[in-house]
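Taking it in order: structure first as structure tokens, then the write-up.
Please treat every number below as a calculation from the coordinates, not as lab data. Note that this is a predicted model, so its numbers are computed, not measured. Note that we place each Cβ from the backbone using ideal geometry, even for glycine, and neighbour counts take in every protein chain shown.
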Amino acid sequence: MLTIQSLRDEKERIITALQKRHFDAREAIEAILEWDSDRRKTQAALDETLAQSNALSREIGGLMREGKKDEAEVIKSKTAAFKVQSTELKEQMQALEDQIHNALCHIPNAPHGFVTAGRNAEDNIEIFRSGNAATLDHHKKPHWEIAEECQLIDFELGAKVTGAGFPFYRGKGAKLQRGLIRYFLERADEGGYEEFIPPHMINAESGFGTGQLPDKEGQMYHMPEDELYMIPTAEVPLTNIYRDVIVKEADLPIKLCGYTPCFRREAGSYGKDVRGLNRLHQFDKVEVVQLSKPEASYDTLDSMVDHVKGLLEALELPYRILRLCGGDMGFTAAMTYDFEVWSAAQERWLEVSSVSNFETYQAHRLKCRYKSADGKSHWVHTLNGSALALPRIVAALLENHQDETGIQIPEALAPYCGFERIDYPT
RNA sequence: GGAGAGGUGGCCGAGUGGCUUAAGGCGCACGCUUGGAAAGCGUGUUUACCUGAGAGGGUAACCCGGGUUCGAAUCCCGGUCUCUCCA
């Protein structure tokens, strides 16, 4: 979330930036600043009351030690008024702090200066398109047909055992899945990202830290018995490693990666877009996360974009990169690049990666700082990106690399799968 | 699931309800000492907020949350985590 300090210092800039999201923050921010000024006055009064009350207590302590019980009793009688006063002030403080905190939680991150003011996905800016345009003539099977014919993925079996959106992968389909995960992890390893296998469930504190709670509560599977949530992305456990941590400046940038299944309720998604692998409740993803110094974080973002680019190049998939407009960006991001692969059979773009810089927005919620040489602490910048999300990559591989007799696995990937082709049944 | 023990600063570790934000040690930083190093000596070494031009001053925090008390690291209740034993 945004800090009070930043609202005090650059109120107008933040209001203007938030307008790119079509989020009118003026009223909320002015209210917050008002409450904050009350809060400071209240704290000054409270501190003063407690100081006086502490002084009396010390005096009583001294008298008791000297055995002057009667004098102590006299002073004791004076403390009651301070106690009443401090209790009241504490309640006021708490109320103001809660009010401020709640209001701050509902203000999204201020977009970076380069982000444009569009309203939705149509206003995103294409900043790159790969050269390898896919051409498919009469062999144009969508991936769900291929997956069924070749017995790679069984959607119906998943629907029986669990529900729609929880497919089984089998045979070469499962091996392709495993190969991709390993391939992505090896590339991340080469890129200097330390691999983690994190828990697949998280507590509410972690959900708050990365910004899934309270705003996107409905998107996560929740187990109220244990107050745990299924992770919607490895971003949550990986980034929360650094919750309540002060890192050493020399340790930055910190680079983490991890493969996890991701669980999303996808409430309200129906129809054509959810066919096959296009939208699932459980899917696999390799995620990369970085903690960076503020001055370096946009270079870091570029390097993460390059990393994802390298993966898509190696998989020989036609893709484009979009810089999201204000209206299409996630709540917590300051800048986001989406990667989309072209599905020749479906004739549409499929989002396979989202790479974002959150600047200090998550760091504030996480309380993650670093200490510089002069001993001062500063908020880190957090970033993350999918590298990559599997289902749509699988869809694009099956659809774009199909020919008369089957699917050709890209050269870079084949060693990880253990086969070079998936042949159609004869 | 049951029984017990425990959670104190970067780390180890002491702590009798008041003189304890916290002894002592280690580590770290700076200085002195030295030809140089080690040892030794000295000084410093948490975080957040409020206040102040600054020096500084104030408040809070000893796993978390409540409570008792003029006053809680210390006493009481609840939670949580770790360890040991049992199932």
FRET efficiency estimate (nearest 0.05) - Cβ-Cβ, A:Ser6 to A:Lys248, R0 30 angstrom: 0.75
Could you grab the relative contact order for segment A:121-423? Cα pairs under 8 Å, six or more apart, rounded to a whole percent. 24 percent
Quote the FRET efficiency, to the nearest 0.05, computed for A:Glu195 versus A:Ala51 with a Förster distance R0 of 51 Å and r equal to the Cβ-Cβ distance. 0.50
Multiply the residue separation of A:Ala164 and A:Lys216 by 0.36 nm, subtract the distance between their alpha-carbon atoms, and state the gained length in nm to one decimal. 16.6 nm
Taking the simple approach of a point 7 Å from Cα along Cα-to-Cβ for both A:Glu351 and A:Asp70, what is their distance in nm? 8.0 nm
Count neighbours as other Cβ atoms within 10 Å of each site's Cβ, and list the GluC sites (Glu not before Pro) in segment A:319-358 that are DSSP loop with at most 12 such neighbours. A:Glu347
Low-density loop GluC sites (Glu not before Pro), segment A:9-73, at most 12 other Cβ within 10 Å, DSSP non-H/G/I/E/B, are A:Glu66
Could you state the angle between the C-alpha long axis of helix A:297-314 and the longest principal axis of the C-alpha atoms of chain A, as a value from 0 to 90 degrees rounded to the nearest 10? 20 degrees
What value, in deg cm²/dmol to 500, does the helix sum -39500 (n - 2.57) over DSSP H runs of n ≥ 4 give at 222 nm once divided by the residues of chain A? -13500 deg cm²/dmol
Which distance in nm do the two modelled labels at A:Ala44 and A:Thr405 give, with both placed 7 Å along the Cα-to-Cβ direction? 8.4 nm
Return a whole-number percent for the relative contact order of segment A:4-105, with Cα pairs under 8 Å and 6 or more residues apart as the contact set. 33 percent
Check each of the chymotrypsin sites (Phe, Trp or Tyr not before Pro) in segment A:95-175 and keep only those in coil by DSSP with at most 13 other C-beta atoms within 10 angstrom; list them in order. A:Phe114
Cross-link reach from A:Lys309 to lysines, straight Cα distance under 25 Å and at least 8 residues apart if same chain, gives A:Lys175, A:Lys255, A:Lys285, A:Lys293
